[in-house]
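Everything below concerns the one structure shown next.
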Amino acid sequence: MNLAFKGPMDDGKPKLPGSLHVNRRLDTWLAFHAEGLVTIRPGKVELGQGILTALAQIGADELDVALARIRIQPAATPDSPDEAVTSGSLSVQESGMALRHACADARRIFLSVVAQRTGVPAEEIAVRDGDFLAPDGRVLGSYWAMADDALLAEEASPEAKPKPPTERRIAGGSAPRLDLPDKVFGAPRYIHDLRLPGMLHARIVRPPSRGAVLREVREGALPGGTTVLRDGSFLAVVAAQEHHAEAAAERVARRATWEERDTLPDEGALEAWLRSAPRESSVVTERQAEAPAPAHRVSAAFFRPFLAHGSIGPSCAVARWDGATMEVWSHSQGIYNLRTDLAKALRLPPDSILVRHVEGAGCYGHNGADDVALDAALVARAHPGQPVRVLWSRADELGWSPFSPAMLVEVEVEADAQGTLTAWKQEVVSNGHSGRPGRGKEPTLLSASMIADRFPVPLSINPPLAGGGGAQRNAVPPYRVPALHVGLHRVMDMPIRSSALRGLGALVNVWAIESVMDELAALAGEDPLAHRLRHLDDARSRDVLDRAARMAGWASRPKQEGSGYGLAVSRYKGTGAWCAAVAEIEAAERIFCRQLWLACDVGEAINPDGIANQMEGGAIQATSMCLLESVRHDTRAVTSDAWERYPILRFSEVPQVQVEIIDRPEAPPLGAGEASLGPTIAAIANAIADALGVRLRHWPFTPDNIAKAA
Amino acid sequence: MSVAFTLNGAPVAPDIEDDAPLLAALRGPLGLSGPRFGCGAEQCGACVVLLDGAPVFACNLPVSAAAGKRVETVEGLGTPDAPHPLQRAFLDLQAGQCGYCLSGILMASAALLRRVPRPTEAQVREALEPHLCRCGAHNRILRAVLRAAEDMAPA
């Protein structure tokens, strides 16, 4: 999604790791300070996933300084390295590997200068917590003593050599999260806690339905001197105190008249809509082979409705316009991309906009973070000199954030009499999975389509598979099969704005692939584990599958009325981390997932506890998504705009989760954030089939949808 | 007319209307960050604080309901130098991801442990049922509350 999205770099420059290739100066990435501290400046941002801790570990290790000496500077334009978007489980690969190389190079540069000054050969100098030591123990200097020497004012050298894995001391350990103390002591840390002098509070009064046009706002009293701002169908209230804006928004909503119309497909006919809507078709991959007459055939269509992000903290932004510069504080995943689209929407030059990242609540993809930044900027422009904070309501968050698009995945597989695959055909239908800002001609920010001088809403896209893909992510089965065809059909009508949500198309594709594998195993009378293992050429896929099966006691799993076991495996994006899951479910008045066993392989594990936390968190979120979640709507409006209408898993229903990591210190590290979702969902679906003998074709896995499948 | 109550042990009388939400008083004139807005509808638990020791949703409760009572927030639970056993356990077990839900969860857990010093896991789950966590840190949170209970139990 990030650098990968831009395709291979062929700029004639010597190849540097990760984002260092396109942000080559060392002083962009790090700086030493005389008081004994190091600032590192990643372009990737904290989303609640713990990435900044992992990046600090990598930097401290290569520099040979204590982790406590590292300070992370939050990303901000224009000085931070442009690392595009923090997404796609790529931060360790792109930012981590850039920092590892940059820090190794910084260390090399400092040691060579000390060697020149002292005559002690560089290779004989040891670094101990930032001090440079001669073989006899003499201190020859330190990063801190040489902090002002401008030694990093140059491009990174391709020659720098990071430490061999055996010499790593900090990367590979479970360092505690740097951001967690603030969060358990209630210290101001989130963008929601940002308080600037003279700051105003605004709320947006959203249309009652999609495509509604504002006709009139009746005048009337408002609390605390609240004012109303209107720009086309963009309607906001602004007050000095937050609760006045809150109360005023409700009143103004009642006084507004909108012209409404039907723009959404019927909720009950979403699958038919996906089949009939205009589409742009392409072939993802194709391999011809002589296929013998099949002994077994499985043909199935898997449908999933729209899904919401459901962050617990609503999107928030602060903006200040001084007549020349728009300064924006945002929890965006991509500050430079946001700046690009703010410039388009505000019709300002990009260099008159500053975007500073401040942490938000958990982010699982392209949610309302970018949209609310435009909202704040629009209000700030009308209040020059005063910072304006906009907080979305829960209804804004669940009703107007981009959603993960509804999907239909049709699979047709053939196998011989032994159940060995001979042909696989998979067709993926959905809206594009990326409507992120900064990439197209028109801004993708929500309110850009509502202001008087409005922009059209650009159709979301699917990045190419080489960049991770969108709807087609993980649509290519990992199993050995002679004949293969994978097709992608992007729906070209986008009544509901769709974009990237954790895992993108992988969630439905892995569910489809792993369900079909189970069905085929059953037809051939083979155990699902053995059936997969003999179709997998990839040893690391086999390893995680085998490990998860052993963790769960797969071979001796009990067969009990009303409960079931299922397993699944996937390598995220086909190029990322491996994960296998075994699920145990109970089929009572509805389905409960009781236990999950996850085995994963992320190559070098930079922070094992952080990886386990991500794997488990992803699995629990996936359990919630597949058992409970579906965006509800009528033909005009999204109606699941409160938690009671968009329920997610609560404490009483959360499964036990065990995670094991197959550590491979010699292998390149891979992001851990998204790998467990697809396998978890597929394992739960397979466990339901084991318990009930019913193959689910409709998401979520509710009693209604189970009844449809029976 | 300001409503007077005690906040984390200190008397306060925030300059805000009696019918404003308690959360607005805490985050506004009282300057706290721990209590958080999540939904404004008592459905997620991010705003939970203790009122005379019992968990309440601060997002919908009028300030007037706190008159003369004790309000406790996560800021009053402990500090980095003197953490509450719950805060220590949450840090020891890294029980959180984005952390946005934690203030409310810590307060509900503190109330539980005062009422039931050695809860079962089922009791902790029940006490935390009003609280949403989207990151999936639930099991770590459950373990951390049980760990804190152990730490607080008389030797």
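Taken together, the values in this text are just the output of simple stated rules run on the coordinates, not laboratory data. Just so you know, these numbers come straight off a predicted model, no measurement behind them. Cβ: placed from backbone, ideal geometry, glycine included. Neighbour counts: every protein chain shown.
At-a-glance table
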{"quantity": "Amide H partners (placed H, <5 Å) of A:Val657, local residues excluded", "calculated": "A:Leu596"}
{"quantity": "Set of aspartates and glutamates near A:Lys441 by C-alpha distance (under 16 Å), chain-local residues within fewer than 8 positions excluded", "calculated": "A:Asp341, A:Asp453"}
{"quantity": "Per principal axis, descending, Cα span of the stretch A:4-182 in whole Å", "calculated": "49, 45, 32"}
{"quantity": "Full-extension gain in nm, A:Asp322 to A:Asp634, via 0.36 nm per residue minus C-alpha separation", "calculated": "108.1 nm"}
{"quantity": "Value in Å of the Kirkwood radius, where the stretch A:19-114 supplies the Cα pairs that are averaged", "calculated": "13.3 Å"}
{"quantity": "12 Å Cα-Cα reach of B:Lys69 towards aspartates and glutamates, excluding residues that sit fewer than 8 places from it in its own chain", "calculated": "B:Asp52"}
{"quantity": "Trypsin sites (Lys or Arg not before Pro) restricted to the stretch A:401-451 and DSSP loop, no more than 10 other C-beta within 10 Å", "calculated": "A:Lys441"}
{"quantity": "Per-residue mean of C-beta atoms belonging to partner chains within 10 Å, peptide A:176-183", "calculated": "5"}
{"quantity": "Helix B:102-115 vs. chain B, principal-axis angle (Cα, 0 to 90°, nearest 10)", "calculated": "80 degrees"}
{"quantity": "Label-point gap, in nm, between A:Arg540 and A:Asp10 - each point 7 angstrom along Cα→Cβ", "calculated": "2.6 nm"}
{"quantity": "Interchain or long-range residues, amide H under 5 Å from A:Leu178's placed H", "calculated": "A:Thr53"}
{"quantity": "Under-5 Å amide H pairs with A:Gly487, H placed in peptide plane, nonlocal only", "calculated": "A:Val284, A:Gln426, A:Glu427, A:Val428"}
{"quantity": "Karplus 3J(HN,Hα) series, Hz, for the stretch A:35-45 with 6.51 cos²θ - 1.76 cosθ + 1.60 (x for Gly, Pro)", "calculated": "7, x, 10, 10, 9, 10, 10, x, x, 7, 10"}
{"quantity": "At R0 = 30 Å, FRET efficiency that the Cβ-Cβ distance of A:Thr118 and A:Glu167 yields, to 0.05", "calculated": "0.80"}
{"quantity": "Cα centroid separation - the stretch A:426-475 against the stretch B:75-111, whole Å", "calculated": "39 Å"}
{"quantity": "Restricting the stretch A:522-629 to GluC sites (Glu not before Pro) in coil, as DSSP defines it, with at most 16 other Cβ within 10 Å", "calculated": "A:Glu526, A:Glu561, A:Glu589"}
{"quantity": "Hydrodynamic radius of the stretch B:19-155 per Kirkwood, over alpha carbon pairs, in Å", "calculated": "14.9 Å"}
{"quantity": "Descending semi-axes in Å of the stretch A:514-661, equivalent ellipsoid built from Cα gyration tensor", "calculated": "28, 20, 16"}
{"quantity": "Cα gyration tensor category, rounded, prolate or oblate, for the stretch A:433-514 with a/c compared to 1.5", "calculated": "prolate"}
{"quantity": "Relative contact order for the stretch B:78-152, counting Cα pairs under 8 Å that sit 6 or more residues apart, in percent", "calculated": "46 percent"}
{"quantity": "Mean separation of Cα contacts under 8 Å (6+ apart) over length of the stretch A:4-182, as relative contact order %", "calculated": "31 percent"}
{"quantity": "Fewest-first ranking of A:Trp511, A:Trp273, A:Trp329, using other Cβ atoms within 10 Å as the exposure measure", "calculated": "A:Trp273, A:Trp329, A:Trp511"}
{"quantity": "Charge-dipole axis of the protein assembly as shown as Lys and Arg at +1 and Asp and Glu at -1 on Cβ define it, positive-most pick from A:Thr422, A:Tyr143, A:Pro121", "calculated": "A:Thr422"}
{"quantity": "From phi via Karplus (6.51, -1.76, 1.60), per-residue ³J(HN,Hα) for the stretch B:80-88 in Hz, x at Gly/Pro", "calculated": "x, 7, 9, x, 5, x, 5, 5, 5"}
{"quantity": "Likely footprinting exposure, A:Met625, A:Met407, B:Met152, fewest C-beta neighbours within 10 Å first", "calculated": "B:Met152, A:Met625, A:Met407"}
{"quantity": "DSSP H segments from chain A that extend 15 Å or more along their own axis, Cα-based, with Kyte-Doolittle mean of -0.5 or above", "calculated": "A:51-63, A:97-118, A:335-346, A:369-381, A:506-523, A:608-628, A:677-692"}
{"quantity": "Residues listed by number, the stretch A:470-510, amide nitrogen under 18 Å from A:Val283 label point at 7 Å toward C-beta", "calculated": "A:472, A:475-477, A:481-490"}
{"quantity": "Shape category assigned to the stretch A:394-541 from the gyration tensor of Cα positions, a/c cut at 1.5", "calculated": "prolate"}
{"quantity": "Principal axis dimensions, largest first and in whole angstrom, of the stretch B:78-152 by Cα", "calculated": "29, 28, 17"}
{"quantity": "Three-way shape call for the stretch B:5-76 based on the alpha-carbon gyration tensor, with the a/c threshold at 1.5", "calculated": "rounded"}
{"quantity": "Per-residue ³J(HN,Hα) for the stretch A:197-209, Karplus 6.51 cos²θ - 1.76 cosθ + 1.60, θ = phi - 60°, Hz, x for Gly and Pro", "calculated": "x, x, 5, 9, 10, 10, 10, 9, 9, 7, x, x, 7"}
{"quantity": "At 1.567 mPa s and 4 °C, Stokes diffusion of chain A via Kirkwood alpha-carbon radius, µm² per second", "calculated": "48 µm²/s"}
{"quantity": "Relative contact order %, chain A, counting alpha carbon pairs below 8 Å whose residues are six or more apart", "calculated": "14 percent"}
{"quantity": "Theoretical FRET efficiency, 1/(1+(r/R0)^6), r = Cβ-Cβ of A:Asp416 and B:Ala41, R0 45 Å, to 0.05", "calculated": "0.20"}
